[in-house]
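Okay, structure first, notes after.
Readers should treat all values here as calculations from the given coordinates under stated rules, not as data from a laboratory. All figures in this text were calculated on a predicted structure; none of them were measured in a lab. Please note: Cβ atoms are built from the backbone with ideal geometry, for glycine as well, and neighbour counts cover all protein chains shown.
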Amino acid sequence: MNINAKLSGSIFGIISAVTYGMNPLFGLPLYQKGITTYSVLFYRFFFALILLGIIMLIRKQSFKIEKKQLLMSGIGGILLSLSCLGLFLSFHHIDGGIAVTILFVCPVIISSIMYLFFHVKQSISTLIGMFCAMGGIALLSLGKGVEHFSLTGIVLAFSSASTYAIYMVMVKVSCLKNLSSETLTFYVMLFGLSVFFVTLNFGINLQILPDIFSLLCALGLALFPSLFSFLFMAIAIKHIGPSKTAILGVLEPVTALLIGILVFGESLSFQQIIAVAIILISVSIVVTGKPPATVKAKLKS
């Protein structure tokens, strides 16, 4: 892999993860206004689609797409929207920390799919980074203990991880890889929007945004955790592959944690500091492709 491509892919993957972690910054105020999950997700995709369409028109980018690519985009859009929906619905049944921890089995699922169906083996550094990431996420998310257990919540969170993993693999190995990242993201969000439209009883149950502040929050949700995140994720997958892109996603809860501390006045525990340190180590391993010297020594012994 070209060094410049790997570096740029890693940077885009990091930006994708950080912007996705901004969900609480824009989403929580909407929930506090009484907007349901289904309506929030609809506005998230709807405004993101409009913004991306305007950008593509200004830049005179083509919306042209082949029939096969259109079909695969439809499948990808449904998978991505179901992943978002599954995760948000799981929050109603299990603690958010548990749901996020389950979601980050995504890199394992991706690696398994790539190995079983495409015979792609992961490097030692990627595997080390993956398990460091999962350990850091577990430490970060489960620090407050398990308050309640729900099989429904577990299934929803796992389905979210699975559909997300399949989508990321599709972007890498299907005809979608030949689409520009902007065109791919546009059609994926277009088909994803249809899922939320159906869940809202074909728009009948869509809640109207009550004020300008809610509109600004919806636009922020569409721009950062949606448009930027999905677009940069598509670019990252093409450069460094779905497994490494998924591992870099561990920066999402770190961003959400920092927002909680800086904006919502949440506290930071020693355990969370250790967890963030482990996560940053996992990210550095993925970006540089080199595990720490102590780990390498143990592997050789």
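With only Cα atoms counted, the range 1-158 has Rg and Dmax values of 18.4, 52 Å. By the compact-protein rule of thumb, 2.2 N^0.38 Å, the alpha-carbon radius of gyration of the chain corresponds to a ratio of 0.98. Using the Cβ of Gly27 as centre and a radius below 15 Å, the other residues enclosed give a net charge of +1, where K and R count +1 and D and E count -1. Among Glu252, Glu182, Glu266, the largest mean-square fluctuation in a Gaussian network model of the chain (Cα springs under 10 Å) belongs to Glu266.
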